[in-house]
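Engineer: After the structure tokens below, expect a handful of questions from me.
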Amino acid sequence: MSLRPTNVPLTVKDFDDERCGVCAGCGCACGYIAYIKEGRLIDLYGHPHDPNGIGSLCTKGITLIQEATQNPLRITKPLIREGDSFRVASVEEVRRWINDNLKGKIAVFLDRFADLKDYALAKGISEHVYSDSVYLPFRASTLRPQEWREQRVILSLECDPVFSEVMSTRWLVDAFERSSYILSISSRYETISAKATERLLLKPPRTVRFLEEVADKLEGKERDYEFEDKVEKLARAFSLIKESLILIGETLLRSPWRGNVIDALRRIRKKVRVNYSIVGNISPLSVKEIGDFKSEFDEFDALVLFGNPALYMSEEELRALSSKKVLSFQIFPNLTAHHSDVVLPASLFPEREFFGYKNGFGFAFYSPSTLDKPEGVVPPEDIFGITPDVSGYLSELGVEMSDLKEAEGGLDIDLPTVEEWDGDVERAKLQDEEFYIVCDSTLVDEVGHWNVWTHEIEREQLAQMSEDTARELDVRGEIEVMGVKLKVKINNNVAKGVVFVPNSFEETQPFDPGVRVGRILKNAAYRVESLRLK
């Protein structure tokens, strides 16, 4: 990281130290300057020289750096379960517990805020490493987000970066202002839809069908095309205009049609050199995903959990979790913490040296520590006595440690593009059922609901649907899904046949708690499935 403090401070507040870092709230990796007074953060600004954030920080980044680190609800001391409650424990007690209980077959789960050091640590603990990321063995993007604004034709499929890679949305707004043709296809109208030249509200399987039709058209296949005019127009544009881009949200990869999406994108890239970006929580290093974690869960004797995988668990799976030996690293006393034997306070990314690698933009980034950790927070590597080999995993990505630490805006990783990758994909039948439920991201993530001012952005977990959908389902004030009752909001910005539910709520949140996705979906590894009312 090459950022240095500005010659003229950006704050008017009195400070005694200024430190530069990179935000890891999402994959955009925006630079910032933290102003410190007597060891406490007193002001925060986006770094004006940073090429990723260009002087800005989003609500999510500000929350994680400024609010979450000082939140009074935060766990700041090690806790050990005694009966139905917890007591404060010493680090020595925790190490003894680890020695006595982390035996047999062990699984490690990493959440989005885990960095490369955590990944290396997990590999040192167990060969069974899981994550809430989507693992892609090929490069997830041919462009940095800053280059999106140069694209003259953009096809966006179930993708709205404002809910995942927040600051990247600005480059799409720039493309719109430069009169780019943008076609947005999604199950709900959001930021990109508002700026698009044309927009379609479709159920997710029909969105996948659209992408497949583009691939078929470019290959010259004779068939009945549902979207003949638009597909013909795009195929011609992709063939003639070099500055073209396909945006794909991770939601489509967290669906039964993941193989269909990858196959269609690969076929398109073999015909034309249209750029692509798969936007979201993507891992370029091998890791098992949530579906694997759930299906293989019963095999393990003990678990080490970073974050809140209980979000994805059913009642039966939660009971099974309580029967295992569980150690977890947590920011807040969430649902996973409630089902753990040992809870250790997690350090947030500004409080440690951070090696970010999980994003859809195909680059790694580095940030030094900018804030002091609370006294009771002990790094995981110190707890386990393992020195993580970060340099070795960086080398797998084609990145050198010394170069990364000095890079402006991060370094591109070295992976094949989607058409160069020759791995197998499993396609599913595109069966268009009458109704689908989409449990997906909104601006406020799970951590955001533990902070008062971000929770206020989205106080309630509502099932949103169009008037037509509500009428056909004979739904009025509430809907029951998988035994869970949700209040209904009529929203004609949601596709007909789709019920949208935010996936960031859970039962132990301190303000207006909601229901975890593991109780709403039959397969919580997905974000999309056919609707089951009972």
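The values are calculated or read from the model by the stated rules, or taken from the named source; none is laboratory data. Only a predicted model underlies this, so the values are computations on that prediction, with no experimental measurement involved. Glycine gets a Cβ as well: all are built from the backbone with ideal geometry, and neighbour counts include every protein chain shown.
Engineer: Hey, LYS217 hits all of (1) under 16 Å from ILE185 (Cα atoms); (2) in contact with a Leu (Cβ under 9 Å, 6 or more places away or on another chain) but one; which does it fall short on?
Structural biologist: Unmet condition: (1).
Engineer: So how many residues does the stretch 484-496 have that are surrounded by fewer than 23 Cβ atoms within 10 Å (Cβ to Cβ) and assigned to a loop (DSSP other than H, G, I, E, B)?
Structural biologist: Summing the residues that are surrounded by fewer than 23 Cβ atoms within 10 Å (Cβ to Cβ) and assigned to a loop (DSSP other than H, G, I, E, B) in the stretch 484-496 gives 4.
Engineer: Follow-up question, since we're still on this one. Can you confirm whether the stretch 348-367 contains a residue that is small (Gly, Ala, Ser) and under 20 Å from THR508 (Cβ atoms)?
Structural biologist: Checking the stretch 348-367: not a single residue is small (Gly, Ala, Ser) and under 20 Å from THR508 (Cβ atoms).
Engineer: Given the criteria modelled with pLDDT under 95 and either more than 27 Å from ILE62 (Cβ to Cβ) or assigned to a helix (DSSP H, G or I) (or both), does LYS522 qualify?
Structural biologist: Spelling it out, LYS522 is indeed modelled with pLDDT under 95 and either more than 27 Å from ILE62 (Cβ to Cβ) or assigned to a helix (DSSP H, G or I) (or both).
Conditions (1) under 30 Å from ARG4 (Cα atoms); (2) among the charged types (D, E, K, R); (3) not in a loop (DSSP other than H, G, I, E, B), marked per residue:
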{"site": "SER402", "(1), (2), (3)": "yes, no, yes"}
{"site": "GLU419", "(1), (2), (3)": "no, yes, no"}
{"site": "GLY423", "(1), (2), (3)": "no, no, no"}
{"site": "CYS439", "(1), (2), (3)": "no, no, yes"}
{"site": "VAL444", "(1), (2), (3)": "no, no, no"}
{"site": "THR454", "(1), (2), (3)": "yes, no, yes"}
{"site": "GLN464", "(1), (2), (3)": "no, no, yes"}
{"site": "ASP468", "(1), (2), (3)": "no, yes, yes"}
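Engineer: Could you say whether any residue in the stretch 107-121 is hydroxyl-bearing (Ser, Thr, Tyr) and modelled with pLDDT of 95 or more?
Structural biologist: yes
Engineer: Only one of (1) modelled with pLDDT under 95; (2) over 25 Å from GLU419 (Cβ atoms) is not met by LYS203, so which one is it?
Structural biologist: Here LYS203 meets the rest and fails (1).
Engineer: Another question about this same structure. As an exercise: evaluate GLU507 against (1) touching a residue at least 60 places away in the same chain (Cβ under 8 Å); (2) farther than 20 Å from ALA337 by Cα; (3) more than 18 Å from the chain's Cα centre (by Cα) and give the number of the one condition it does not meet.
Structural biologist: (2)
Engineer: Here's something else I'd like to know. Given the conditions (1) under 30 Å from LYS123 (Cβ atoms); (2) without any contact (Cβ under 8 Å) to a residue 12 or more places away in the chain, report the number of the one that GLY477 does not fulfil.
Structural biologist: Among (1) under 30 Å from LYS123 (Cβ atoms); (2) without any contact (Cβ under 8 Å) to a residue 12 or more places away in the chain, the lone unmet condition for GLY477 is (1).
Engineer: Right, another one. Quick check, is ASN275 under 18 Å from GLU158 (Cα atoms) and in contact with a Ser or Thr (Cβ under 6 Å, 6 or more places away or on another chain)?
Structural biologist: For ASN275, the condition - under 18 Å from GLU158 (Cα atoms) and in contact with a Ser or Thr (Cβ under 6 Å, 6 or more places away or on another chain) - is met.
Engineer: Filter the stretch 218-273 for residues that are of a type in the set (A, V, I, L, M), farther than 25 Å from PHE138 by Cα and either touching a Phe, Trp or Tyr at 6+ places or on another chain (Cβ under 6 Å) or outside the structural domain of ALA196 (by TED's automatic domain parsing) (or both) and give the result.
Structural biologist: The answer is VAL231, and nothing else.
Engineer: How do the pairs read when you match residues in the stretch 238-257 that are under 18 Å from LYS429 (Cβ atoms) with residues anywhere that are hydrophobic (A, V, I, L, M, F, W, C) and outside any strand (DSSP E or B), using Cβ under 6 Å and keeping only pairs 6 or more apart or on different chains?
Structural biologist: Listed pairs, sorted by first residue: LEU252/VAL261; PRO256/ALA428; TRP257/VAL208; TRP257/ALA428.
Engineer: List pairs: first in the stretch 147-165 and more than 23 Å from LYS60 (Cβ to Cβ) and modelled with pLDDT of 95 or more, second of a type in the set (Phe, Trp, Tyr) and not in a helix (DSSP H, G or I), Cβ under 7 Å, 6+ apart or cross-chain?
Structural biologist: Once the first residue is more than 23 Å from LYS60 (Cβ to Cβ) and modelled with pLDDT of 95 or more and sits in the stretch 147-165, its partners that are of a type in the set (Phe, Trp, Tyr) and not in a helix (DSSP H, G or I) give ARG152/TYR181; VAL153/TYR181.
Engineer: Restricting to the stretch 270-327, and then to whatever is touching a strand residue (DSSP E or B) at 6+ places or on another chain (Cβ under 7 Å), within 24 Å of ILE98 (Cα to Cα) and among the aliphatic types (A, V, I, L, M), can you tell me which residue is surrounded by the fewest Cβ atoms within 10 Å (Cβ to Cβ)?
Structural biologist: Filtering first and then ranking leaves ALA302.
Engineer: Just checking, which of GLY31, GLY46, GLY25, GLY61 is touching a helix residue (DSSP H, G or I) at 6+ places or on another chain (Cβ under 6 Å), surrounded by 18 or more Cβ atoms within 10 Å (Cβ to Cβ) and not hydroxyl-bearing (Ser, Thr, Tyr)?
Structural biologist: GLY25
Engineer: Only one residue in ARG96, ARG74 is among the basic types (Lys, Arg), out of contact with any strand residue (DSSP E or B) (no Cβ under 9 Å at 6 or more places or on another chain) and not in a strand (DSSP E or B), so which one is that?
Structural biologist: ARG96
Engineer: Go through the stretch 48-64 residue by residue and tally those that are touching a Cys at 6+ places or on another chain (Cβ under 9 Å) and either of a type in the set (S, T, N, Q) or at pLDDT 95 or above (or both).
Structural biologist: Total meeting the criteria: 2.
Engineer: Sticking with this one: Can you tell which of ALA470, ALA495 is touching a Leu at 6+ places or on another chain (Cβ under 6 Å), of a type outside the set (Val, Ile, Thr) and at pLDDT 95 or above?
Structural biologist: ALA495
Engineer: Can you give me the number of residues within the stretch 369-411 that are in contact with a Gly (Cβ under 6 Å, 6 or more places away or on another chain) and at pLDDT below 95?
Structural biologist: Count: 2.
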